[in-house]
Amino acid sequence: MTSGSLPIIFALPGNEALAAALASHLHASVGELAIRGFPDGETYLRFVTPVTGSKVVLACSLHHPDDQVMPLLFAAATAKELGAAAVGLVTPYLGYMRQDKRFNEGEAVTSALFARLLSQHIDWLVTVDPHLHRWHSLDEIYSVPSAVVPAAPLLAAWIKANVNSPVLIGPDAESEQWVSAVARDAGAPHVVLEKIRRGDRNVSVSIPDPEVLRGRTPVLVDDIISTGRTMIAAARHALAQGLPTPVCIGVHAVFAGDAYEALLTAGAARVVTTNTIPQATGVIDVSAAIAAAAAGLLAG
Ligand code: R5P
């Protein structure tokens, strides 16, 4: 990238490490964005670093989207008003992807509504493994160009380097797409469990054929650990079959409520995630892959 086209990276609150990593990989600068809350809870926002004529990249993971999206939309709209040449969004965890269908009459299909809202204010976005289930591509709901970074090669590299004789376990049919890709890259076998979800925190799973797991280290792999109840059910079931304590790997460490502690209590040997969401478990670094994807969109 030539110096004349260097973007300016701005961190939304809590995304400072991500912005610094992106700037380093892209040989770009980090701009100053002042954001604070007024006493009544409204947001004050000011671009201290001028953006006129520059390509702006906003770094903002969206794991608490209801709180995070208002400052993000204000930042994107203000950058445009101030004459930014383009406004891109790097959101390693893209929230609001799971309600992809009107399951009951009158429900909001929030994935599509959220996509429509964001698309009005940004020119492109980069994310890591969005939860695509009934939607097959972000293009079905986002009207701006997007790039999706796959975490599978990074997860596979971590497993190869850290786990002896692994067998990968996906907790439900939806996880098949991630688990099979990670297993292929890691050169390990995999199985997918049968899951029944009766409520937000009421999940049960079963292993179709426990014998294929004997003599190996179980590695549970899922895209999102939210309440942790999916992983907990899978870990308990593996232990009940007499298997060794499992390693739990998630792409996105949402960790709602007591999820992390409950997973350790349930018998996980270790919980490891990427750093798409800032958490202590985030030892698998996605920033270089994200920066490479962003570079492609910045050049376009
Ligand atoms: C489900 O479709 C996802 O792939 C995850 O399995 C799910 O989001 C995990 O949620 P929780 O941690 O709340 O069980």
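The values are calculated or read from the model by the stated rules, or taken from the named source; none is laboratory data. This one's a predicted model, so the numbers in the text were calculated from it and none came from an experiment. Virtual Cβ from ideal backbone geometry, glycine too; neighbours counted across all protein chains shown. Please note that ligands, DNA and RNA were not included when accessible areas were found on the heavy atoms of the full protein model with its side chains. Shrake-Rupley method; radii C 1.70, N 1.55, O 1.52, S 1.80 Å.
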### Of all residues making up the range 41-79, the number that are farther than 30 Å from residue 226 by Cα and open to solvent by 80 Å² or more (accessible area, probe 1.4 Å)
3
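Give the range 184-194 a look and list any residue that's out of contact with any Pro (no Cβ under 6 Å at 6 or more places or on another chain) and within 16 Å of the ligand (Cβ to nearest atom), or say none.
Quick first cut of the range 184-194, residues out of contact with any Pro (no Cβ under 6 Å at 6 or more places or on another chain) only: 184, 186-187, 189-192, 194.
190, 191, 192, 194, listed by residue number.
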### Task
Sort out which residues of the range 29-54 are of a type outside the set (S, T, N, Q) and touching a helix residue (DSSP H, G or I) at 6+ places or on another chain (Cβ under 7 Å), and write them in order of number.
30, 33, 35, 45, 47, 51
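Given the criterion under 20 Å from residue 174 (Cα atoms) and not assigned by TED's automatic domain parsing to the domain that holds residue 125, identify the matching residue among 280, 234, 262, 269. Outline the logic, then answer.
Working: 280 fails: under 20 Å from residue 174 (Cα atoms); 262 fails: under 20 Å from residue 174 (Cα atoms); 269 fails: under 20 Å from residue 174 (Cα atoms).
Step by step, each of 280, 234, 262, 269 is checked, and only 234 is under 20 Å from residue 174 (Cα atoms) and not assigned by TED's automatic domain parsing to the domain that holds residue 125.
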### Task
Please identify the pairs in which a residue from the range 158-181 that is away from the ligand (no atom under 14 Å from the Cβ) has its Cβ atom under 7 Å from the Cβ atom of a residue that is of a type in the set (Lys, Arg), counting only partners at least 6 apart or on another chain.
165/216; 166/216; 167/216
### Task
Give the range 118-144 a look and list any residue that's open to solvent by 70 Å² or more (accessible area, probe 1.4 Å) and part of a loop (DSSP other than H, G, I, E, B), or say none.
120, 134, 136, 143
### Query
Which ones in the range 167-200 are under 20 Å from residue 236 (Cα atoms) and either among the hydroxyl-bearing types (Ser, Thr, Tyr) or open to solvent by less than 20 Å² (accessible area, probe 1.4 Å) (or both)?
167, 168, 169, 170, 171, 172, 175, 179, 193
### Scan of the range 53-77 for residues that are over 23 Å from residue 17 (Cβ atoms) and in a helix (DSSP H, G or I), ordered by number
77
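Residue by residue, here is whether (1) outside the structural domain of residue 295 (by TED's automatic domain parsing); (2) part of a loop (DSSP other than H, G, I, E, B); (3) within 18 Å of residue 61 (Cα to Cα) holds:
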{"site": "79", "(1), (2), (3)": "no, no, no"}
{"site": "88", "(1), (2), (3)": "no, no, yes"}
{"site": "93", "(1), (2), (3)": "no, yes, yes"}
{"site": "96", "(1), (2), (3)": "no, yes, yes"}
{"site": "103", "(1), (2), (3)": "no, yes, no"}
{"site": "108", "(1), (2), (3)": "no, yes, no"}
{"site": "116", "(1), (2), (3)": "no, no, yes"}
### Query
Can you name the number of the only condition in (1) within 16 Å of the ligand (Cβ to nearest atom); (2) out of contact with any Ser or Thr (no Cβ under 8 Å at 6 or more places or on another chain); (3) open to solvent by 20 Å² or more (accessible area, probe 1.4 Å) that residue 256 fails?
(2)
